[in-house]
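**Student:** So that we are looking at the same thing, I have put the structure below in structure tokens.
Since every read-out is calculated from the coordinates, none of them should be taken as a lab result. Model, not experiment: these values are computed from the prediction. Note: ideal-geometry Cβ built from the backbone for every residue, glycine included; neighbour counts use all protein chains shown.
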Amino acid sequence: MKGALDIPEEFLSPYNHAQKEELLYKTWEASGYFNPDNLPGEERQPFTVIMPPPNANGLLHAGHAFFVTLQDTMIRYNRMCGKGSLWLPGSDHAGFETQVVYEKYLAKEGRSRFDLSREELYDEMLQFTLDHKKEMQGQLRVLGASCDWSREVFTLDDRVKKEVYTSFAQLEEDGLLYRNLRTAHWCPKHQTGFSDLELVYEERMDPFYYFQYGPFVIGTVRPETKFGDKYVVVHPDDERYSAYEHGQTIAVEWMNGPITATVIKDEASDPEKGSGAMTITPWHSAVDWEIAQRHGLAYEQIIDDRGKLLPVAGEFAGMDIRDARGKIVEMMQKKGLLTRVDESYTHTVPTCYKCGREIEPQLKKQWFIRMKPLAKKAVSAIENNDVSFVTERYKRIALHWLENIQDWNISRQIVWGISIPAKLCVKCGHGMVDIEDTIHSCTECGGEVTPDADTFDTWFSSGQLPFIALGYPDGADYAKRYPTDVIETGHDILFFWVLRMIMLGLYRTGKVPFRRVYLHGMVRDEKGEKMSKSKGNVIDPVTVAGEYGTDALRMAYIAGNVPGDSINFSTDKIRGYKKFANKVWNIGRFVLSEAADADTDNMLLVDGDKTVLRAWRSLVAEITDDMEQYRYHLAGEKIYHYIWHTFADTVVEESKTALNGDDDAVKRSKKALLMSVYTESLRVLHPFMPFLTEAVWAHIPKDGYKKYDLIMIESWPDAISPEV
């Protein structure tokens, strides 16, 4: 029999997370075991997760803490299962997002980005980002992230830029890249174009105006775009306009006086909508631009990049379109051209996802990727289950989007980010990929060239992160760990990031970047409302962790929260798991004081205790299956309820009578049961509550009860052995 354990004085008080967590993290980090190459034993089967790199422009929020909890749970579980678990951390320069944040920072200082040269602005943002990156890493440590800091990647690292440039050049070589004049989603405030995904569509009610256009009546919600309208389009089969020939010209009194208009017959005009006739503004509408391209029509810019009317608007030139609209309608009414107004027209308006300003379509030369060939391979990979989804409905959503994908505008007219390695011809505007900086004259016309001032969409670089972070093409990690095992992230970036990683990973490496996709929902307040500073309902995870303990925070994220569903989050829930942490601590005080001398190497259990142990190990088998199938929400709840309601309320309470009795065989049995179940339950609980379990583990006697001083590298309990 082993000697009874002298209970440390700290066990006489409630569990004090504030005294433990920072020291425990330093112990883990100093051990080197976050690096799978340092784990004890023989070479292990790899298990790899790439961290979704948080934007290095601010502090971690509730959503970040959610992914940290889920991914660290995965990593710690698989590490205990004997795998070489690598959680590779990173941070994202975040392109446009960071520039917006920094512009607000400048405004608070009474400065503007226009006060700085491009170089000065870039250098300031770089330092700003590096400072936040360092602070963010400290917050990840607070949350218990057992990631390998020696492998950390930043999306502005030279190796990232190198591979991004290589992808850019390869896309051009394969005919999948082009720079062309096309309608761009333009934000007049931020002065940059966006991809389709970066728009927020709002349903609005606006007046819909009907104007007389010669013999036609045309309708519009945006009269400010109509100054250059010289074409009226009708459907070829619309009998109302059968008397007009395609290409026929007519005299029209219009906004700035008489004009000559041309009739165009095109199926884009809907006979069922309004009068069936419409004028077109090719510079400011993707649909109108396509019509103009089909028929070789001229086009003219009406609104400048800042949302102000150009000289073509006559007396309204220089006015902001938001101010001009009403005045233009008044002018048209005076001219007798306003026929009627529908005051309750409901329509969907694309807006900038950052400032809410209405998007102004503008013709811009941008770099585009032809996405359909890339999407086709991704569809095959998903349908063949080379990539599987933890939540089946997201598989259907992913396939639908891929099958209807549009070309991707990867140009951003901002300073911050990875610059596009290309030259532009000053004379003809031709764009040339130039990653080696060797092009000195236009390959089309021989004219002077200048460097492209645009930067890449940040999702273009982060979309290549898995293979770049692992050292593609020659790195040892790439050879051993690619494809990675799982990507875990919010469902809101399924299109932005997850599917683009699949497409770009397949394109560059011929392999999917990960085998499994786990998407979590949004973190909302206790009433199910979106968190926002204006509502005052934002939960700061680091502050909450400091108050209640990181383990309590983590359990509140995990237990009962179904993959893909949004979660309602409250401090009451966190407070409840703080009580649970203290319960586990108090159980430890009892078990170690009463049963530390148990002989678990040669357990002789009485029948009742055998039944308890069998039931426990049956539960371990269930929990293990849940963990393997990514049902962490179920596994977390099961271990919580077992420890609190079965082990504490029943097993421990019933053992007290036996431990105070005179039957030595029953005492031996009860002590062995208590130590076996308690130490095994700590190991099961560790991926969810790593700090608490590590703090208790330090006081578990090594002889016979544990193999290692750190629970983080102990083995996951075997559900069927030893036989009882």
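**Student:** When only alpha-carbon atoms count, how far does the stretch 237-277 stretch along each of its three principal axes, as whole angstroms with the largest first?
**Tutor:** Projected onto its principal axes, the Cα set of the stretch 237-277 covers 30, 20, 16 Å.
**Student:** Show me, for the stretch 285-290, the HN-Hα J-couplings you get by feeding each phi into the Karplus relation (A = 6.51, B = -1.76, C = 1.60, θ = phi - 60°), rounded to Hz, glycine and proline as x.
**Tutor:** Rounded to whole hertz, the list is 7, 5, 5, 5, 5, 5.
**Student:** Using the Karplus curve 6.51 cos²θ - 1.76 cosθ + 1.60 with θ = phi - 60°, work out ³J(HN,Hα) for each residue of the stretch 368-376 in order, rounded to whole Hz, and write x for Gly and Pro.
**Tutor:** 10, 9, 6, 8, 4, x, 5, 5, 4
**Student:** If the cut-off is 21 Å between C-alpha atoms, which lysines fall inside it for LYS530, apart from same-chain ones fewer than 8 positions away?
**Tutor:** In chain and number order, the partners are LYS354, LYS573.
**Student:** Order 541-547, 132-138, 453-459, 499-505 from most to least packed using the mean count of other Cβ atoms within 10 Å. It would help to have the intermediate numbers written out before the result.
**Tutor:** Working: 541-547: 18.4, 132-138: 16.3, 453-459: 23.7, 499-505: 26.6.
The peptides rank, most packed first, as 499-505, 453-459, 541-547, 132-138.
**Student:** Please list, in chain and number order, the residues 5+ apart from SER570 or on another chain whose amide H is under 5 Å from its amide H, with Hs placed from the backbone.
**Tutor:** none
**Student:** Between the stretch 316-373 and the stretch 388-462, how many Å separate their Cα centres?
**Tutor:** Distance between centres, Cα-based: 27 Å.
**Student:** Counting pairs of alpha carbon atoms under 8 Å apart in space and at least six apart in sequence, what relative contact order in percent does the stretch 193-360 give? Provide the component values of the computation, followed by the final result.
**Tutor:** Details: 290 pairs, mean separation 54.7, N = 168.
RCO, the stretch 193-360: 33 percent.
**Student:** What lysines sit close enough to LYS334 to cross-link, taking a C-alpha to C-alpha distance under 18 Å and skipping anything fewer than 8 places away on the same chain?
**Tutor:** LYS226
**Student:** Can you give me the distance in nm between label points at SER419 and GLU119, each placed 7 Å from the Cα along the Cα-to-Cβ direction?
**Tutor:** Computed distance between label sites SER419 and GLU119 equals 1.0 nm.
**Student:** Going by average Cβ density within 10 Å per residue, which order do the peptides 27-33, 74-80, 140-146 take, highest to lowest?
**Tutor:** Values: 27-33: 14.7, 74-80: 24.3, 140-146: 21.4.
My ranking of the peptides, most packed first, is 74-80, 140-146, 27-33.
**Student:** Sticking with this structure for a sec: In terms of Cα to Cα distance under 17 Å, which lysines are near enough to LYS480, apart from those fewer than 8 places away along the same chain?
**Tutor:** Within the straight-line limit of under 17 Å, LYS480 reaches these lysines: LYS83, LYS511.
**Student:** If you don't mind, there's one more thing I want to ask. Tilt of helix 321-334 relative to the longest C-alpha principal axis of the chain, in degrees (0 to 90, nearest 10)?
**Tutor:** It works out to around 30 degrees.
**Student:** Ok, one more. Please list 3J(HN,Hα) in residue order for the stretch 442-448, calculated via the Karplus relation 6.51 cos²θ - 1.76 cosθ + 1.60 where θ = phi - 60°; whole Hz, with x for glycine and proline.
**Tutor:** After applying 6.51 cos²θ - 1.76 cosθ + 1.60, I find 5, 6, 9, 10, x, x, 5 Hz.
**Student:** Now a separate question. Which whole-number percent gives the relative contact order of the chain, counting Cα pairs below 8 Å spaced six or more residues apart?
**Tutor:** Computed value for the chain: 17 percent relative contact order.
**Student:** Same structure, new question: Grab the eigenvalues of the alpha-carbon gyration tensor for the stretch 193-360, scale each by 5, take roots, and send me the semi-axes largest first in whole angstrom.
**Tutor:** Working: eigenvalues 125, 73, 54 Å².
Ellipsoid semi-axes (Å, largest first): 25, 19, 16.
**Student:** Something else: Rounded to whole Å and sorted largest first, list the principal axis extents of the Cα atoms in the stretch 1-124.
**Tutor:** Taking max minus min along each principal axis of the Cα atoms, the stretch 1-124 gives 78, 41, 24 Å.
**Student:** I've got another one for you. Which entries in the list LYS134/LYS423; LYS133/LYS578; LYS583/LYS638 go over 24 Å, if you measure between the two C-alpha atoms of each?
**Tutor:** Beyond 24 Å: LYS134/LYS423; LYS133/LYS578.
**Student:** When you count, for each residue, the other Cβ atoms within 10 Å and take the mean per peptide, how do 384-392, 581-589 rank with the highest first?
**Tutor:** On the way: 384-392: 15.8, 581-589: 19.9.
Highest-to-lowest ranking by the protection proxy: 581-589, 384-392.
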